[in-house]
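Structure record follows, encoded as structure tokens.
The values are calculated or read from the model by the stated rules, or taken from the named source; none is laboratory data. Keep in mind that this is a model prediction, so the values were computed, not measured. Ideal geometry is used to build each Cβ from the backbone, glycine not excepted, and the neighbour counts take in all protein chains shown. The protein model used for the area step is the full one, side chains on, heavy atoms only, and it has no ligands, DNA or RNA in it. Shrake-Rupley method; radii C 1.70, N 1.55, O 1.52, S 1.80 Å.
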Amino acid sequence: MKTKMNNSQEWLLRKAAEEDNCPLSVGGLTHELGVRPVAGPPVPLAATALSKLVELRRRELGMSVEQLAEGSKIDVAEVVSIEEGIRLNPEPRTIYNLAGTLRLSSKRLMELAGLVEVRDEKFSRATVKFAAQSEPMEKLTKEEREALQEFVRFFAEA
Amino acid sequence: MSIIPVQIVECASQTAVDAALHTDLKPADLLDAEAEWGPIRLKAAADRLRTKAPTDDLPQHSHWDWARKASALQYLANTVFGIQKDGKWQGLAMTTTVGHLASLQPDAGKPLVYIKYIESAPWNLRAFTKTPVYGAIGTRLLEAAARQSLDENFHGRLGLHSLPNPKTEGFYRRSGMVRVGIDANVEGLPYYEFTQAAAQGFLKGGQA
């Protein structure tokens with residue numbers, strides 16, 4: 001760097017007060033990597049919850065990735081990318097079809113995918129709780145099964 | 001690796017303390033930071049649930065699993081800045097000098113430095129802790145990007161897309177950045193820009 005950083009402590013303290021330890025935001029990289037903010041108030045960890053829900057529900061129903069893709073009329077690669085959290089802005093059609101195959105409420109799954117606004121605080125809290133559970137294992141543990149069943153209840157109520 | 005001594009603010013004492021600005025990290029370093037920051041965000045979210053505290057002010061990117069984005073990041077040709085203190089990354093920013101042009105007069109159409117990513121460690125954010133450790137992290141990262149713009153002969157021109165957070169947007173405005181408007185091409189995010197004059201005012205420490 002050719003120019004010197006500002007060494008005024010008065011300036012630094014003033015800027016620190018203005019910044020007030022607020023989040024700085026990710027900005028344009030969210031768009032570049034295919035992550036978009038939801039239309040309404042964000043549901044924290046919704047994307048993590050979506051990928052975990054799709055994978056755990058598929059495994060609970062004893063389906064392979066291929067079977068889920070075929071039943072939902074979408075590409076295997078798309079199912080994998082959703083479960084891996086790589087594709088965080090799926091098309092409404094994809095989510096609608098996945099909900100049907102996984103026997104989940106399409107409205108709730110759309111909310112989780114950030115396609116429609118979430119107005120239910122209980123659902124928002126349940127999403128964070130579910131996402132904060134441990135990573136999926138090869139076989140559903142007792143705790144994972146209980147967490148999944150608790151979260152899935154929201155998809156029956158909608 | 002280029003390391004420049006800088007000062008940041010220790011929140012507890014409200015005094016300036018020494019830190020190090022690293023100017024040529026790799027995008028993969030973002031992933032290393034995420035490995036440390038991610039679990040802290042998750043724990044903060046879980047703690048809020050236990051205490052029934054609201055979760056809607058957590059940063060919108062807190063759900064973002066960076067580790068799963070490794071393959072995408074490898075294709076991004078960028079500069080990454082990082083501020084290190086106590087052996088930890090206190091904040092990181094990624095910039096690019098290609099693909100973005102100034103939209104404000106008198107330099108509309110001229111190249112600028114674009115901030116793709118800017119983030120402070122969760123222990124420095126009020127959204128995650130009542131007692132943040134260090135402050136002015138965003139200020140220093142914004143300053144580093146503006147100085148990069150000077151080095152590139154872009155005269156301080158700088159652009160970024162902010163997530164629509166009032167506090168964050170307020171910080172950029174008070175730093176002298178102009179809210180150009182909502183960018184329909186980038187998910188409807190607000191776009192901010194430093195003109196030459198505003199950037200140089202910011203760098204000289206003047207009031208925005």
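Among the residues of the range A:97-114, those identified as surrounded by 17 or more Cβ atoms within 10 Å (Cβ to Cβ) and out of contact with any Phe, Trp or Tyr (no Cβ under 6 Å at 6 or more places or on another chain) are A:97, A:98, A:99, A:101, A:102, A:109, A:110, A:111, A:112, A:113, A:114. The residues of the range B:177-208 that are open to solvent by 60 Å² or more (accessible area, probe 1.4 Å), within 19 Å of residue B:139 (Cβ to Cβ) and modelled with pLDDT under 85, listed by number, are B:207, B:208.
The set of residues from the range B:79-100 being within 14 Å of chain A (Cβ to nearest Cβ) and either open to solvent by 70 Å² or more (accessible area, probe 1.4 Å) or among the small types (Gly, Ala, Ser) (or both) comprises B:82, B:91, B:93, B:98, B:99. Would you be able to say whether some residue in the range A:58-69 is more than 22 Å from residue B:40 (Cβ to Cβ), within 11 Å of another protein chain (Cβ to nearest Cβ), open to solvent by less than 60 Å² (accessible area, probe 1.4 Å) and modelled with pLDDT of 80 or more? Taking every residue of the range A:58-69 in turn, none turns out to be more than 22 Å from residue B:40 (Cβ to Cβ), within 11 Å of another protein chain (Cβ to nearest Cβ), open to solvent by less than 60 Å² (accessible area, probe 1.4 Å) and modelled with pLDDT of 80 or more. Taken over the range B:164-176, the criterion of being open to solvent by 10 Å² or more (accessible area, probe 1.4 Å) and touching a residue at least 12 places away in the same chain (Cβ under 8 Å) is satisfied by B:164, B:165, B:169, B:173, B:174, B:176.
Screening the range B:115-208 for strands (runs of 3 or more DSSP E) wholly inside it with 2 or more residues that are at the interface with another protein chain (Cβ under 7 Å from one of its Cβ atoms) returns the ranges B:158-161. Among the residues of the range B:125-160, write down those that are crowded, with 23+ Cβ neighbours inside 10 Å and without any contact (Cβ under 8 Å) to a residue 60 or more places away in the chain. Selection gives B:138, B:139, B:146, B:147, B:149, B:156, B:157, B:158, B:159, B:160.
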